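The values are calculated or read from the model by the stated rules, or taken from the named source; none is laboratory data. What you are looking at is a predicted structure, and each value in this text was computed from that prediction instead of being measured. All Cβ positions, even for glycine, are placed from backbone atoms using ideal geometry, and neighbour counts span all protein chains on display. The protein model used for the area step is the full one, side chains on, heavy atoms only, and it has no ligands, DNA or RNA in it. Shrake-Rupley method; radii C 1.70, N 1.55, O 1.52, S 1.80 Å.
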Amino acid sequence: MTKETFIRLLDGIDTSNKMLEFGVFSEPLLHPLVTRFVYLAKSTFPHLQITIITNGDKLTPELLTELFDSGLNYLFIDAYDNKALTKAKEAIKERPEDVNAEWFHVTAKSPWTYRKNPGKNILLCAEFNLKRKNNRFIHTHGGRLHKDQWAKYGIRKEEFPLLKKCTQPFRMATINYDGSFLLCCCDWNKDILFGNIKEKTVNEIWNNEKYEKVRYLLNKGRRDLIKTCFYCNARSHRVGLTGYRGRRYEETKLK
């Protein structure tokens with residue numbers, strides 16, 4: 001994402017937005033302006049809880065310090081293998097004294113829960129281990145997890161389509177590097193696009209007709225009518241979301 005696109009995005013949000021996350025379909029630490037983006041976001045909206053999701057490959061003690069000095073609250077290191085895990089452990093050894101580091105599978109902290117004063121935190125996440133209990137849930141990511149792997153993680157084909165509600169498009173916007181708004185972090189194929197920040201404002205995209213129909217269908221539990229959601233078993237619920245209060249739509253497949 002260019003600096004101009006990121007600034008346009010910041011111009012479109014307000015104090016009702018509580019959290020900002022860098023991650024999803026890319027490696028944030030590869031971006032040459034990542035610390036600058038963190039600084040711009042925090043200096044514009046001091047209340048924002050800012051998170052970076054990284055595999056840790058590009059993490060150094062110097063970059064770690066710079067990120068937290070720029071205003072970062074959570075650095076979530078999702079190490080894919082033992083080599084990456086070892087490298088991440090070495091990098092965080094020299095962290096500043098005011099930066100807390102914990103294992104994600106044993107802490108109650110979460111970068112996806114808003115706290116007014118979250119402080120500075122590193123959450124280290126090891127490769128998923130089927131032999132021990134942890135708070136990682138492997139789901140199909142909108143059907144992207146190959147069906148040959150489903151049995152390994154206890155996923156049954158008979159579950160689908162999972163006719164349950166999903167609150168993702170109610171509570172978060174997933175924005176691609178090019179400024180386009182996607183359905184959610186599970187839409188790896190980028191099948192559903194709602195608009196682009198380069199062409200329209202955040203409010204225009206967030207409240208458009210297509211977004212509203214998706215919310216209506218998912219509030220009805222009609223994952224079967226949305227291509228990306230048909231084979232998705234992601235858990236998504238929030239206390240207090242009592243239901244959809246907008247326009248009613250025909251329960252037909254989303255085009």
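If LYS198 meets every condition in (1) charged (D, E, K, R); (2) at pLDDT 90 or above; (3) surrounded by 15 or more Cβ atoms within 10 Å (Cβ to Cβ) apart from one, which number is that one? Going through the list (1) charged (D, E, K, R); (2) at pLDDT 90 or above; (3) surrounded by 15 or more Cβ atoms within 10 Å (Cβ to Cβ), LYS198 breaks only (3). Candidates are the residues of the stretch 154-196 that are among the aromatic types (Phe, Trp, Tyr) and part of a loop (DSSP other than H, G, I, E, B); the one that is nearest to GLY221 (Cα to Cα) is PHE160. Of the residues making up the stretch 24-38, those that are open to solvent by 60 Å² or more (accessible area, probe 1.4 Å) and without any contact (Cβ under 8 Å) to a residue 60 or more places away in the chain are LEU30, PRO32, LEU33, ARG36.
Please enumerate the residues belonging to the stretch 95-111 that are exposed (fewer than 12 other Cβ atoms within 10 Å of the Cβ) and either at pLDDT below 85 or in contact with a His (Cβ under 9 Å, 6 or more places away or on another chain) (or both). Selection gives VAL106, ALA108. In this structure, does GLU209 turn out to be out of contact with any Cys (no Cβ under 7 Å at 6 or more places or on another chain), without any contact (Cβ under 8 Å) to a residue 12 or more places away in the chain and closer than 30 Å to THR2 by Cα? When the stated conditions are applied, GLU209 passes them.
Quick check: anything in the stretch 85-101 in contact (Cβ under 8 Å) with a residue 40 or more places away in the chain, out of contact with any strand residue (DSSP E or B) (no Cβ under 6 Å at 6 or more places or on another chain) and closer than 30 Å to ILE138 by Cα?
Yes: one or more hits.
Within the stretch 39-52, at least one residue is in contact (Cβ under 8 Å) with a residue 60 or more places away in the chain and either of a type in the set (S, T, N, Q) or touching a strand residue (DSSP E or B) at 6+ places or on another chain (Cβ under 7 Å) (or both).
Against the list (1) surrounded by 15 or more Cβ atoms within 10 Å (Cβ to Cβ); (2) touching a Leu at 6+ places or on another chain (Cβ under 8 Å); (3) at pLDDT 85 or above, the condition ASP191 fails is (1).
Looking only at the stretch 69-90, which residues are open to solvent by less than 30 Å² (accessible area, probe 1.4 Å) and more than 18 Å from PHE104 (Cβ to Cβ)?
SER70, GLY71
Just one residue in the set ARG171, ARG248 is within 18 Å of the chain's Cα centre (by Cα), in contact (Cβ under 8 Å) with a residue 24 or more places away in the chain and open to solvent by 90 Å² or more (accessible area, probe 1.4 Å); that residue is ARG171. Scanning the stretch 65-84 for residues that are without any contact (Cβ under 8 Å) to a residue 40 or more places away in the chain and either in contact with a Cys (Cβ under 9 Å, 6 or more places away or on another chain) or closer than 26 Å to LYS18 by Cβ (or both) yields THR65, GLU66, LEU67, ASP69, SER70, GLY71. Going through (1) among the polar types (S, T, N, Q); (2) touching a residue at least 40 places away in the same chain (Cβ under 8 Å); (3) part of a loop (DSSP other than H, G, I, E, B) one by one, ASN203 falls short only on (3). Checking each residue in the stretch 112-124 for being modelled with pLDDT of 85 or more and among the hydrophobic types (A, V, I, L, M, F, W, C) picks out ILE122, LEU123, LEU124.
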